[in-house]
Amino acid sequence: MYLPKHFAEDDVARMHALMRAHPLATLIRHGPDGLNANHIPLLLADGKLQGHVARANSLWKVGNVAGEVLVIFHGHESYISPSGYATKAEHGKVVPTWNYVAVHAHGDLRVIDDPDWIFGQISALTAANEAALPQPWAVTDAPADYIEKMLGAIVGIEISITRLLGKWKVSQNQPPANQTSLTKALAGTPMAELIRQQQQQ
């Protein structure tokens, strides 16, 4: 990932927060058939990423999981129009760009074909994503024989994180006047809040 120093984020807690808030990740690995990407919701637990894939998915099969994998988490993003910059009226030397936040997690993938572990993983993942709902659903709400059948169709995966890279491209390269004008132009959006937070650091 291209990572200019002024966009680099090294606060692990902040990166973990993004990973928890945006759990649908892109898992990339290189196997016998070349590069392959899968989009998988992953739960961060004790420095590891835990999830599951369909048993029919070749990701977990022998020969496909050797070596390091890359997992990408995407946070909020926004197109940035030159019209939002205060300096547009001064000299017009402004161009469009895209602001975004992302985390790259590198690690080693382990396959876990254990129904008890998988049940715990799907229960935890479900609880994390249902927590804010008025009537949270739990895995145990479904008939036990149905869940047992579903468990047979998936395989667990766990990635031990070896390296984290964070990129917060939220207009740090702009003068304070442009940062302030952008928060007004983007008022009410997550990106406006991200720019404001960065200004306060």
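The values are calculated or read from the model by the stated rules, or taken from the named source; none is laboratory data. The model shown is predicted, which means the values in this text are computed figures rather than measured ones. Cβ sites come from the backbone with ideal geometry, for glycine too, and all protein chains shown count toward neighbours.
Brief remarks on what is shown
- Looking at Asp33, Asp46, just one residue is charged (D, E, K, R), without any contact (Cβ under 8 Å) to a residue 60 or more places away in the chain and within 24 Å of Ile118 (Cα to Cα), and that residue is Asp46.
- Checking Ala187, Ala192, Ala132 one by one, the residue that is without any contact (Cβ under 8 Å) to a residue 40 or more places away in the chain, farther than 24 Å from Pro41 by Cα and assigned to a loop (DSSP other than H, G, I, E, B) is Ala187 and no other.
- For the residues Ala144, Ala177, Ala185, the requirement of being loosely packed, with under 11 Cβ neighbours inside 10 Å and out of contact with any Leu (no Cβ under 6 Å at 6 or more places or on another chain) singles out Ala144.
- Within segment 102-129, the set of residues being under 30 Å from Gln179 (Cα atoms) and touching a helix residue (DSSP H, G or I) at 6+ places or on another chain (Cβ under 6 Å) comprises just one member, Val103.
- One residue stands out in segment 16-44 among those that are within 21 Å of Val101 (Cα to Cα) and among the small types (Gly, Ala, Ser): the one that is surrounded by the most Cβ atoms within 10 Å (Cβ to Cβ), namely Ala25.
- Test for Arg14: is it outside any strand (DSSP E or B), charged (D, E, K, R) and either farther than 19 Å from Leu151 by Cα or out of contact with any Asp or Glu (no Cβ under 8 Å at 6 or more places or on another chain) (or both): yes
- Segment 139-166 residues that are assigned to a strand (DSSP E or B), paired with ones that are among the β-branched types (Val, Ile, Thr) and exposed (fewer than 14 other Cβ atoms within 10 Å of the Cβ) (beta carbon under 8 Å, 6 or more apart): Leu164/Val12
- Annotation: Val94 fulfils all but one of (1) of a type in the set (A, V, I, L, M, F, W, C); (2) touching a Ser or Thr at 6+ places or on another chain (Cβ under 9 Å); (3) more than 20 Å from Ala8 (Cβ to Cβ); (4) surrounded by fewer than 14 Cβ atoms within 10 Å (Cβ to Cβ); the unmet one is (4).
Table: residues versus (1) in a loop (DSSP other than H, G, I, E, B); (2) under 16 Å from Leu70 (Cβ atoms); (3) at pLDDT 95 or above; (4) more than 13 Å from the chain's Cα centre (by Cα).
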{"site": "Met19", "(1), (2), (3), (4)": "no, yes, yes, no"}
{"site": "Leu27", "(1), (2), (3), (4)": "no, yes, yes, no"}
{"site": "His30", "(1), (2), (3), (4)": "no, yes, no, yes"}
{"site": "Asn36", "(1), (2), (3), (4)": "no, yes, no, yes"}
{"site": "Ile40", "(1), (2), (3), (4)": "no, yes, yes, no"}
{"site": "Leu49", "(1), (2), (3), (4)": "no, yes, yes, no"}
{"site": "His52", "(1), (2), (3), (4)": "no, no, yes, yes"}
{"site": "Leu59", "(1), (2), (3), (4)": "no, yes, no, yes"}
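- Among (1) under 28 Å from Leu27 (Cβ atoms); (2) modelled with pLDDT of 95 or more; (3) of a type outside the set (A, V, I, L, M, F, W, C); (4) within 25 Å of the chain's Cα centre (by Cα), the one test that Asp116 misses: (4)
- Residue list for segment 91-125, filter: in a helix (DSSP H, G or I) and out of contact with any Pro (no Cβ under 8 Å at 6 or more places or on another chain): Pro115, Asp116, Trp117, Ile118, Phe119, Gly120, Gln121, Ile122, Ser123, Ala124
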